[in-house]
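What follows is a short report on a single structure.
What follows draws every value from the coordinates through simple rules; no lab data is involved. Small disclaimer: the values here were computed from a predicted structure and weren't measured. Note: ideal-geometry Cβ built from the backbone for every residue, glycine included; neighbour counts use all protein chains shown.
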Amino acid sequence: MQLLCILHRQRGFTLPLSYHEIIQQFFYQSLYQTEIASFLRQEGLRDGNRKMKLFAFSRLIGNYTLNYEHRTITFHGDAVLVFASPVDLIIWELARTLLNNSTISLADIDLQVKDVFFEDIHPSKDQMEVQMLSPITVYQTHTSDGRKRTVYFDPFDSNFQQ
């Protein structure tokens, strides 16, 4: 399931170019059931030694200008933020926060929650086309002679799909 949140600020707003952690912090603070937030932050779901967080979120989508000198990004008008998770409870808890508050705070900037939309994204086919909202990295780490070697896969590589 995914949630789309439209955020608005009359005069626009400016964030550091590396605002990923600001969004992540908002996400964890927004979950009402602290066991969920704590579990996601500390544990996640494990597959061997790998820890999966069970959620993803996009960059802010909207009209913006970049200031490379100050390393900031300024959004003008509405900005859309997309959260997705295979665990519906995570999305419902986030939605409850967004719907119960008329504003949210990102880096001490109050933004109006203009609208919230849901989309059920359970594929019903063997194949599907995916449009990434943020980059994905697929790799394997091999150990040989006591040294670790990481191999990164191109989307067209047969190992990418595995």
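Overview of results
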quantity	calculated
Magnitude of the charge dipole, the stretch 1-55, Cβ model with Lys/Arg +1 and Asp/Glu -1, debye to 20	140
Rounded, prolate or oblate (a/c below 1.5 giving rounded, otherwise prolate when a/b exceeds b/c) for the stretch 62-140 by Cα gyration tensor	oblate
Most mobile listed residue (Gln112, Gln131, Gln140) in the chain, GNM with C-alpha springs under 10 Å	Gln140
Where trypsin sites (Lys or Arg not before Pro) fall in DSSP loop in the stretch 1-103, at most 13 other Cβ within 10 Å	Arg11, Arg71
Residue-count net charge about Pro86 - beta-carbon cut-off 13 Å; Lys, Arg +1, Asp, Glu -1	-1
9 Å beta-carbon shell around Met1, net charge (K/R +1, D/E -1)	-3
Interchain or long-range residues, amide H under 5 Å from Ala107's placed H	none
FRET efficiency, 1/(1 + (r/R0)^6) with R0 45 Å, evaluated for Ser144 and Ser58 via beta carbons	0.75
Most positive-pole-ward Cα, Phe117, Gln29, Pro86, against dipole of the stretch 2-121 from beta carbon charges	Gln29
Inter-part distance where the stretch 1-41 and the stretch 56-74 are each reduced to a Cα centre, Å	15
Added length on full extension, which subtracts the Cα-Cα distance from 0.36 nm per residue, Gln42 to Gln131	29.2 nm
Residues whose placed amide H lies under 5 Å from that of Val138, excluding near-sequence neighbours	Phe153
Option label - percent of Cα pairs over 24 Å apart computed here, alternatives (i) 41; (ii) 29; (iii) 46	(iii)
With at most 10 other Cβ atoms within 10 Å, longest stretch of the chain clear of loop GluC sites (Glu not before Pro) (DSSP)	1-68
Selection of chymotrypsin sites (Phe, Trp or Tyr not before Pro), the stretch 50-129, meeting DSSP coil and at most 13 other Cβ within 10 Å	Tyr68
Between 0 and 90°, nearest 10: helix 88-100 axis offset from the chain longest Cα axis	10
Residues Ser85, Ser158 arranged by fewest to most Cβ contacts within 10 Å	Ser158, Ser85
